[in-house]
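Asks: Provided herewith is a single structure, encoded as structure tokens, for subsequent inquiry.
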Amino acid sequence: YTGKTGSELFQERLVKLKVREFQSIPVVTGEGASVYDAICTMFLEDVGTLFVVKDNQELVGIVSRKDLLRASMGKQDLESIPVSIIMTRMPNVTVCSPEDSVLSVANQLISKQIDGLPVVKMDENGRHQVIGRMTKTNITKAFTYMGQEPNE
Ligand code: ADP
């Protein structure tokens, strides 16, 4: 008998849940896309955040619903505004890796008040390649997994 309390055992189980097991497919847009293109992609792909990438899938930024709403409030032509001028740009994008714990991502979403993080891996040249997406929905899935009945 280890003498561990129930909440210590729960915490141990929780930190073992890794991003890799709960991440989703990333939805990306090219850095040459317009604000109009980004709105269409976000609507069609049914996501709240787009990752902006170069042709080689290198992460250059992130664009949220509110970024697009803000850009749409003016009277400019949305097809002529590049998404790259309104996005949050690297290195200011918070990222995670597949080996990170779901708990550490949840802590980042809370402390930075954002909805999701790109899951990245480093290529040979030290560039961030986007390989997944970790959002509040994925955290919710991990939460329900932790709450399953033992024999489910
Ligand atoms: P929304 O603005 O649609 O509610 P968020 O709360 O996720 O969505 O985004 C708030 C702001 O933070 C936006 O300006 C967005 O570009 C930025 N942002 C979103 N995700 C990240 C991230 N992973 N790292 C840094 N900034 C982010």
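Asks: For the stretch 119-134, check the following and say yes or no: at least one residue is of a type in the set (Val, Ile, Thr) and touching a Ser or Thr at 6+ places or on another chain (Cβ under 6 Å). I'd like the intermediate steps shown before the answer.
Replies: At the first step, the residues of the stretch 119-134 found to be of a type in the set (Val, Ile, Thr) are 119-120, 130-131.
Pick out the ones that are also touching a Ser or Thr at 6+ places or on another chain (Cβ under 6 Å) and you get none.
No; the residues of the stretch 119-134 include none that is of a type in the set (Val, Ile, Thr) and touching a Ser or Thr at 6+ places or on another chain (Cβ under 6 Å).
Asks: In the set GLY61, GLY32, which member is more than 21 Å from GLN113 (Cα to Cα) and touching a helix residue (DSSP H, G or I) at 6+ places or on another chain (Cβ under 9 Å)? Break it down into steps so the answer makes sense when it comes.
Replies: Values: GLY61 fails: more than 21 Å from GLN113 (Cα to Cα).
That would be GLY32, the only listed residue that is more than 21 Å from GLN113 (Cα to Cα) and touching a helix residue (DSSP H, G or I) at 6+ places or on another chain (Cβ under 9 Å).
Asks: List every residue pair whose Cβ atoms sit under 9 Å apart, with the two residues 6 or more apart in sequence or on different chains, where the first one lies in the stretch 1-18 and is closer than 17 Å to ALA106 by Cβ and the second, anywhere, is modelled with pLDDT of 90 or more and among the small types (Gly, Ala, Ser).
Replies: As it stands, the answer is LEU14/SER101; LEU14/ALA142; VAL15/SER101; VAL15/SER104; LYS16/SER101; LEU17/SER101; LEU17/ALA142; LYS18/SER101, since those pairs meet every condition given.
Asks: Taking the residues in the stretch 63-85 that are of a type in the set (A, V, I, L, M, F, W, C), under 17 Å from THR49 (Cα atoms) and surrounded by fewer than 18 Cβ atoms within 10 Å (Cβ to Cβ) as candidates, determine which candidate is nearest to the ligand (Cβ to nearest atom).
Replies: First, pick out the residues of the stretch 63-85 that are of a type in the set (A, V, I, L, M, F, W, C): 63, 68-69, 71, 73, 78, 81, 83, 85.
From what is left, the residues that are under 17 Å from THR49 (Cα atoms) are 63, 68-69, 71, 83, 85.
Add one more test, that the residue is surrounded by fewer than 18 Cβ atoms within 10 Å (Cβ to Cβ), and what stays is 69, 85.
Details: LEU69: 8, ILE85: 12 Å.
Per the stated criteria, the residue is LEU69.
Asks: Would you mind stating whether THR144 is in a helix (DSSP H, G or I), within 13 Å of the ligand (Cβ to nearest atom) and either within 25 Å of LEU17 (Cα to Cα) or among the hydroxyl-bearing types (Ser, Thr, Tyr) (or both)?
Replies: Working: in a helix (DSSP H, G or I): yes; within 13 Å of the ligand (Cβ to nearest atom): no; either within 25 Å of LEU17 (Cα to Cα) or among the hydroxyl-bearing types (Ser, Thr, Tyr) (or both): yes.
Against the criterion (in a helix (DSSP H, G or I), within 13 Å of the ligand (Cβ to nearest atom) and either within 25 Å of LEU17 (Cα to Cα) or among the hydroxyl-bearing types (Ser, Thr, Tyr) (or both)), THR144 does not qualify.
Asks: Among the charged types (D, E, K, R) and away from the ligand (no atom under 16 Å from the Cβ), is that true of ARG20? Walk me through how you get there before you give the answer.
Replies: Numbers: among the charged types (D, E, K, R): yes; away from the ligand (no atom under 16 Å from the Cβ): yes.
Spelling it out, ARG20 is indeed among the charged types (D, E, K, R) and away from the ligand (no atom under 16 Å from the Cβ).
For every residue, the table says whether it meets (1) free of Cβ contacts under 8 Å to residues at least 24 places away in the same chain; (2) touching a Phe, Trp or Tyr at 6+ places or on another chain (Cβ under 7 Å); (3) among the small types (Gly, Ala, Ser).
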site: VAL83; (1), (2), (3): no, no, no
site: THR88; (1), (2), (3): no, no, no
site: CYS96; (1), (2), (3): no, no, no
site: GLU99; (1), (2), (3): no, no, no
site: VAL102; (1), (2), (3): no, yes, no
site: ALA106; (1), (2), (3): no, no, yes
site: ASP115; (1), (2), (3): no, no, no
site: ARG127; (1), (2), (3): no, no, no
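The values are calculated or read from the model by the stated rules, or taken from the named source; none is laboratory data. Bear in mind that the values here come from a model prediction, so they are computed numbers and not experimental data. Note: ideal-geometry Cβ built from the backbone for every residue, glycine included; neighbour counts use all protein chains shown.
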